[in-house]
Amino acid sequence: MEGEREVMEAAMEAGHILLENGAEIFRVEETINRICRHYGITSSNAFILSNGIFATSGNAREETFAKVLHIPVSGAHLNRVAAVNQLSREIEEDRYTIEEVKLRLEQIRTMPGKSRHMLVLGSGAGSGAFCYLYGGSLIDCLAAFLVGLLVYVFVIFVSSPYLSKMVSGIAGGAVATMACMLLFYLGIGEHLNQMVIGSIIPLVPGVAFTNAIRDIADENYIAGAVRMLDAMLVFFGIAMGVGFVFTIVQRIVGGGML
């Protein structure tokens, strides 16, 4: 049997990677249990919250272990989640020793995400596509594409490094709305509402909101409620930013532009 403490440390590390990269609570619990069970630990217990893992093990025949990990709520990196899922399946196929598991987990933790250029391009493409889905014309989609590029440049270089999540939502919504209004005023775009809706989509925490609903459906009420509140604060911030710009412009131009 592998060292029990090493097994528990590896299982918690796998759970840590999953939780901080946007996995659902049930997936974290299942992965920890799979790893412990495969390496012969039958007394393990894991309690998962949206920002923490509590794990214990030990009985008359197994070494006592207890550890708590604090994991701040952050963004989603689904490539790392998929990699840990695949690793857990390969562990059950008996492909790894515990040392190899720890090495593989370290490799997964340092996996590079998408490049900044790819993120910016994806933001533009998503903005244009959602603008079309919400009834925008082709010129509206072009405008939303351009604003989507600008918005994610703002997110990468200003919001993420310097602003809190709430303030980031407000600022991002305001930037997207001001850019859409400028293009609309210059004649690039026909339907301002559809342009704005498409442009703010990259700011919306869709994965976090979806996982919150899934966690609540799985009766993980505390974790689901925390994630839901976190997502709703971002939604509220985006709405504040959009509404603030619309209000200011309406007061300046008297509603003629809108």
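Within the range 80-102, the presence of a residue that is in contact with a Cys (Cβ under 7 Å, 6 or more places away or on another chain) and surrounded by 20 or more Cβ atoms within 10 Å (Cβ to Cβ) is excluded. The criterion of being part of a helix (DSSP H, G or I) and closer than 26 Å to residue 114 by Cβ does not hold for residue 23.
Being farther than 27 Å from residue 210 by Cβ and either in contact (Cβ under 8 Å) with a residue 24 or more places away in the chain or basic (Lys, Arg) (or both): is that true of residue 104 here? It is true that residue 104 is farther than 27 Å from residue 210 by Cβ and either in contact (Cβ under 8 Å) with a residue 24 or more places away in the chain or basic (Lys, Arg) (or both). Checked against (1) at pLDDT 85 or above; (2) under 30 Å from residue 155 (Cα atoms), residue 46 passes all but a single condition, namely (2).
Within the range 104-137, the set of residues being surrounded by 15 or more Cβ atoms within 10 Å (Cβ to Cβ) and of a type in the set (Val, Ile, Thr) comprises 108, 120.
Taking the listed residues 55, 46, 11, the one that is small (Gly, Ala, Ser), assigned to a helix (DSSP H, G or I) and over 28 Å from residue 166 (Cβ atoms) is 11, with no other qualifying.
Taken over the range 20-56, the criterion of being open to solvent by 10 Å² or more (accessible area, probe 1.4 Å), small (Gly, Ala, Ser), touching a helix residue (DSSP H, G or I) at 6+ places or on another chain (Cβ under 7 Å) and over 22 Å from residue 77 (Cα atoms) is satisfied by 44, 46.
If the Cβ limit is 9 Å and pairs must be 6+ apart or interchain, which residue in the range 23-37 that is closer than 22 Å to residue 3 by Cα pairs with which residue that is open to solvent by 60 Å² or more (accessible area, probe 1.4 Å) and aromatic (Phe, Trp, Tyr)? Partner pairs satisfying both residue conditions: 29/47. Filter the range 150-192 down to residues that are open to solvent by 20 Å² or more (accessible area, probe 1.4 Å), hydroxyl-bearing (Ser, Thr, Tyr) and at pLDDT 90 or above, then give me how many there are. Qualifying residue count for the region: 3. Only one entry of 242, 147 meets the criterion of being at pLDDT 90 or above, surrounded by 19 or more Cβ atoms within 10 Å (Cβ to Cβ) and touching a Cys at 6+ places or on another chain (Cβ under 7 Å), and that entry is 147.
The values are calculated or read from the model by the stated rules, or taken from the named source; none is laboratory data. Predicted, not measured: the structure shown is a model, and the values here were computed from it. In this analysis, Cβ positions are derived from the backbone assuming ideal geometry, glycine residues included, and neighbour counts consider all displayed protein chains. Heads up: the accessible areas ignore ligands, DNA and RNA and are worked out on the full protein's heavy atoms, side chains in. Shrake-Rupley method; radii C 1.70, N 1.55, O 1.52, S 1.80 Å.
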